[in-house]
1. Specify the angular offset, from 0 to 90 degrees and rounded to the nearest 10, of the alpha carbon long axis of helix A:283-298 from the longest principal axis of the alpha carbons in chain A.
2. Would you mind checking which residues have amide H under 5 Å from A:F153's amide H? H placed 1.01 Å from N; only 5 or more apart, or other chain.
3. To make sure I understand, if each residue's beta carbon is the centre and we count other beta carbons within 10 Å, what order do A:M124, A:M115 fall in, fewest to most?
4. Based only on Cα atoms, what Rg/Rh ratio does segment A:12-249 have, Rh being taken as Kirkwood's radius?
5. Would you mind putting A:307-319, B:151-163 in packing order, based on average other-beta-carbon counts within 10 Å, highest first?
6. From the C-alpha gyration tensor of segment A:165-320, pull out the three semi-axes of the equivalent ellipsoid (sqrt of 5λ each), sorted largest to smallest, in whole Å.
7. In whole Hz, with x marking every Gly and Pro, tabulate ³J(HN,Hα) for segment B:137-145 from phi via Karplus 6.51 cos²θ - 1.76 cosθ + 1.60, θ = phi - 60°.
8. Could you derive backbone 3J(HN,Hα) for segment A:160-168 from the dihedral phi with the Karplus parameters 6.51, -1.76 and 1.60 (θ = phi - 60°), listing whole Hz in sequence and x where the residue is Gly or Pro?
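Laboratory data are not the source of any read-out in this text; all were calculated from the coordinates shown. In this text the structure is predicted, and so the values were computed from the model without any measurement. As a convention, Cβ positions derive from the backbone with ideal geometry for all residues, glycine included, and neighbour counts pool all protein chains shown.
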Amino acid sequence: MDISLPFDPAAAWLAGGGPDAAIAVTSRVRLARNLANHNFPTHPDQSDRSSVLSDVRNAFQSLPDGDGYTWCEIDRQSNLERHLLLESHLISRELADGTGPRALAFNPAKSISVMVNEEDHLRMQALCSGLRLKDAFASVDQLDNAIASRLAFAYSPLFGYLTSCPTNVGTGLRASVMLHLPALVMTSHIEKVFRAIYEMHMAVRGFYGEGTEAMGDFYQISNQITCGRSENDILADMEASIKAIISYENRAREELLERERPRLEDVIWRSWGILEYARQITSEEAMRHLSNLRLGVVTKILDSLTLESIQRLLLLCQPAHLQQIEGHNLESDERDIARATFLRGSLSLTR
Amino acid sequence: MLICQICKKKQATIHLTDIHNNVKKEVHMCEGCASEKGFSLQSAADIPQLLGLASKKKVASPQAVEEDIVCPVCGQRWSDFNSRGRLGCPNDYQAFEPRLRKLVESQLSSWHPGEVSLHSGKVPPGAPPDLSRQLTRIHNLERELRQAVEMEHFEEAARLKSEISRLKVV
Ligand SMILES: [Zn+2]
Ligand SMILES: [Zn+2]
């Protein structure tokens, strides 16, 4: 059941699609769980980590064969492999760059992944494309039930599921939707949206989760409050707020198309030009221009690309994936050259 | 766009939430300032330091004289939690119950302190049956009922009333 790299990035969510896929790139629901009678992974004494790891591994091995989970011990992977998993949104930066015994389990579609010994013993997440929080919850909920029948979770009737940080206590549920909001950025409405998001008790996180940077007008919106309400109430609230943001972005897109079409076309075609002709490009710049191409695809200004192909380019031009394609380690400036070459090649194929 | 709280110039792209001295704080920084402050994502322990930078004065607060408590199971102290922002083991929730309860309640904007249970979500199999959840539900509905009556939403009030009496029978 151990992972064998080279890592294949094919994940179900990459195909795109689902409700509101033009704006909602992915929906993710994560449940934080801890085993009863063990120190949290954040305890200074790390001696419980190995026994937690083997208990969880046994639980996964006893799941029906058809579930087909791959088990991957993160502390045995190379730096490159860990970052491939991070860029594929299967693990967090904290797990990738952490220390000590820690692992990842994921299903064949890579739609469900479980981090072991991150901040909590288990962080189970389901990821799918489009705005589909309920679907994501349903699949992670099912796995949670299967694991709960094999391992005793730390739980109290008063606090709910007990977590290493009290900001996750209760349901342990964190729902996030990755939104692509270029029109709100272009029309300078994004700040208003951010303020509304904070008022609605949600947080804006970066591209790779908490504490990471937002890139290319992609913003991850997630709930702040995890207790006092049921999972379904939290998700229904989130979905309503996200839908409001989506309609706001849609209106901004329509406005741009109606009143400022030349400006919009210029932004999109310039980005195409840069990506097709640049000889050196940083990951940040590439994401910014790919973000504009994505807007071009959904507004039908560009017809030679699909959402899926953009999503694939966004993933493959990240540092670790790029090095995986090239087959060897690259320094930062070498990566910028390789990235430009890769993007040039990919775009010229579509013409 | 949120502006970096440290340089007050660039766009804040790093957003941190942490709990320190019973208070939940948020810090928004640009990447440059974050790395200048030596912030690494690996150690949550850096966050209180950063928060300390945001508000330098450390006046004696009521919390400063708060008696320290130790979790008998894992040895974690309440003061450790205050500085690291992370608990040591599940038993900490029992060892520090009143303080954690206050803290968690303060995160809930629409919460009425002292309600029977903070949790109204899923329950793992084999967990002891919990009457307090039922009580909490009734509690919440009664509050909604009072609000509905105040707002003169009588249809809603009637619906809530019948649900409350149904729950009370159970
Ligand atoms: Zn700054
Ligand atoms: Zn403890």
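1. Result, in degrees: 70.
2. Under 5 Å from the amide H of A:F153 lie the amide H atoms of A:A36, each far enough along the sequence or on another chain.
3. A:M124, A:M115
4. Result for segment A:12-249 is an Rg/Rh of 0.96.
5. Most protected by this proxy first, the peptides run A:307-319, B:151-163.
6. They are 31, 19, 12 Å, listed from largest to smallest.
7. Karplus values, whole Hz, x for Gly and Pro: 4, 4, 3, 5, 5, 5, 5, 4, 5.
8. Calculated HN-Hα couplings, in order: x, 5, 8, 10, 4, 10, x, 6, 10 Hz.
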